Amino acid sequence: MSSESVFERGIKVIPGGVNSPVRAFGSVGMTPRMIERANGSHIFDIDGNEYIDFIGSWGPMILGHNHPAILESVVKACEKGLSFGAATEIEVEMAEFICGHIPSIEMIRMVNSGTEAVMSALRAARGYTHKDKIIKFAGCYHGHCDAMLVKAGSGVMTSGVPDSAGVPKGCTQDTLTAVYNDLFSVEQIFEEVGDTVAALIVEPVGANMGVVPPAPGFLQGLRDICTKHGAVLIFDEVITGFRLSFEGAQGYFGVQADMTTYGKIIGAGMPVGAYGGKREIMECVSPVGPVYQAGTLSGNPVAMAAGLTQLKMLYENPGIYKHLEELGSQLFGGIEGILQENGDTYTCNHVGSLGNIFFTDQVVSDYASAKTSDTAKYAKYFKGMLEGGCYLAPAQFEAMFLSDAHSGEDVGKTLEVMREVVGRI
Ligand code: KE4
C-alpha cells in the first residue's frame, strides 16, 4: 500500500479523497501523504517516511502526539463506556476548570467542533441582544456555518454575499466584513448600520490567512467599539485558546472578550468545541433560555477525559509556555535569519508558537496583503520541506504549529532544510 494507491481509492468514495479540504494538498499540487501514526513531534506516513510535524492536527497536539497521560486518560474513560447521552461529572469538572481559570468565562457549553462553537456563540449573541447583524474580518476563518461563509467585503457593504455554493443570500445578508487591523473599517460599518450589530467576531491572532498578528491597540479598539455600541465581542480562540498563554489571547494581549469560542486544544485531538462567556449571555441558552442548541455527543466523557487531562497539564506546568515561546523565537527567528542571509525580502509573521512564511515582500497585516504572496513559490517550498522531512501546512494561508514535544534539534534540522530549500526555489 502507498499513499498514492490509498488516495486513489479515497477519491472514489470521499469528496476529494479527504474529510477536510486542506488535507487534499490541492494548493501544493501533490498527492497527500497517508499518515499512519504519530509520536511526540513526529508523524509517519504509510510509505515509511518520518516527518517533523508542524501541523499537530491543526493545533490540538500542543503537548505532542500520543502523550502518555492523555492516552491513559482516554483508555480509562473508554473502559467505563464511550458515550451515555446523559449528564456526567467530568463535564461539570471540565466546565468548572475553564470557568475557574479564564476570567471572562462565567459559563460554558461543550460542543463537537470549532464550527459548532462559533455557530452557537453567534446564535446566543443574537438571542441575547435581539439584534441580527454580525461583523467578521476578511481573511479570518471561523468554521463553515452558513453565516460565516461570506465573500470578503470591499468597503462597507450593508449585506454579505455568500462565499460558498449552497449558502442562501438570506444566511449571509446580515454578515458584514471589515478589514483586519483597521479599526476605521469597523467604525464605518457601525456608522452605516448603527446599533443593529449583535456581535463582532475576530481571531485575536489571524491564523487562517497565514499568521497575522493584531496591530498594537487593535484588540483593545474592538473592545471599546463593541462596548460603545452594545455589540457582543467574540474572540474566536479555536486556535489561540490555551496556546498563546494558558488564558489564550485574552491573557497574552490583556483584552477580555464577552464570549469566547474554543476547539482543538480543549479536546487534545478528540472532537471538542466550546463556547462560553458572560453568565447573562449564556443563560439565554437552552434549556435555561430561549436560544436553542443541542448535541448528541457534546461533552462526551472520552473527549472530556482527553481534553481535561491536557488542560490540567498545561495549567500545572507553566514552563510549557516558556518552552513554546523559546521554540517560536528559535524557529521563526531562524527563518528570518535565513531570509536575510539569502537577501530575500519575504515576510515571516509569528506570535509565540504560531507562525509562517509569506512569499511576498509586503508587510502582511491583513487579507489583502496576505494575498500578494506567491502561492506557486509556496508550493515549491512546501514540497522541498516535505522531501526534507518537515511536514508543514499544505497551503500558504495556514500556520505552522509548534508543540512542547518539539526539540531544539527538531528546529535546528528544520532550519537546515529550510536554508537549502529557500535558497533554490
Ligand atoms: P473546526 O470546525 O474545524 O473544528 O473549527 C473551525 C475553526 C474555527 N475557528 C478557527 C479560528 C479555526 O482555525 C477553525 C478551523 N481551523 C482550520 C485550520 N485553518 C482547521 C483545519 C481544517 O479545516 O481541516
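Here, each number is a calculation from the coordinates, and none is a lab measurement. Remember, it's a predicted structure, so these values are computed and weren't measured experimentally. Here the Cβ is made from the backbone with ideal geometry for all residues, glycine too, and neighbour counts use every protein chain on show.
Miscellaneous remarks
- Listed from fewest to most Cβ neighbours within 10 Å, the set CYS226, CYS171, CYS78 follows the order CYS78, CYS171, CYS226.
- Shape of region 1-147, Cα gyration tensor, a/c cut at 1.5: oblate
- Helix-only CD estimate at 222 nm, as mean residue ellipticity for the chain, using -39500 (n - 2.57) per DSSP H run (n ≥ 4): -12000 deg cm²/dmol
- Counted residue by residue at 0.36 nm each, then reduced by the alpha carbon distance between them, the extension gain from THR296 to THR372 reaches 23.1 nm.
- For region 1-87, the residue among ALA87, PHE44, MET30 whose Cα projects farthest onto the positive side of the dipole built from Cβ charges is ALA87.
- Computed over region 68-316, relative contact order equals 28 percent, with contacts defined as Cα pairs under 8 Å that lie 6+ residues apart.
- For the chain, hydrophobic long helices are taken as DSSP H runs at least 20 Å long by C-alpha position along their axis with mean Kyte-Doolittle hydropathy of -1.0 or more; these are 114-129, 301-316, 319-341, 408-424.
- Summing charges over all other residues whose Cβ lies under 10 Å from the Cβ of GLU237, with Lys and Arg as +1 and Asp and Glu as -1, gives -1.
- Cα-centred dipole magnitude for the chain, charges only on beta-carbon of K, R (+1) and D, E (-1), debye, nearest 20: 780
- Distance from the Cα centroid of region 58-113 to that of region 290-336 is 10 Å (rounded to whole angstrom).
- The charge dipole of region 68-316, taken about the Cα centre with unit charges on the Cβ atoms of Lys, Arg (+1) and Asp, Glu (-1), comes to about 280 debye, rounded to the nearest 20.
- This model, with +1 at the C-beta of Lys and Arg and -1 at the C-beta of Asp and Glu, gives region 252-339 a dipole about its Cα centre of some 220 debye.
- For the chain, the relative contact order comes to 21 percent (Cα pairs under 8 Å, sequence separation of at least 6).
- Dipole of the chain computed with +1 at Lys/Arg Cβ and -1 at Asp/Glu Cβ about the Cα centre; of VAL212, GLY289, GLY299, farthest Cα towards the positive end is GLY289.
- Candidate lysines for bridging to LYS80, where Cα separation is under 29 Å - those fewer than 8 sequence places away on the same chain excluded: LYS264, LYS312
- Percent of Cα-Cα distances greater than 31 Å, calculated over the chain: 39
- Taking chymotrypsin sites (Phe, Trp or Tyr not before Pro) in DSSP loop states with no more than 16 other Cβ atoms inside 10 Å as exposed sites, the chain has its longest site-free stretch at 85-291.
- Dipole-positive endmost among TYR367, GLY64, GLY221 within the chain (Cβ charges, Cα centre): TYR367
- Within a straight-line Cα-Cα reach of under 18 Å, LYS278 can be paired with the following aspartates and glutamates, leaving aside sequence neighbours fewer than 8 residues apart in one chain: GLU96, GLU106, ASP224, ASP236, GLU237, GLU247, ASP258.
- Taking 18 Å as the limit for the C-alpha separation, the pairs LYS136/LYS169; LYS151/LYS377; LYS371/LYS413 exceed it in the case of LYS151/LYS377; LYS371/LYS413.
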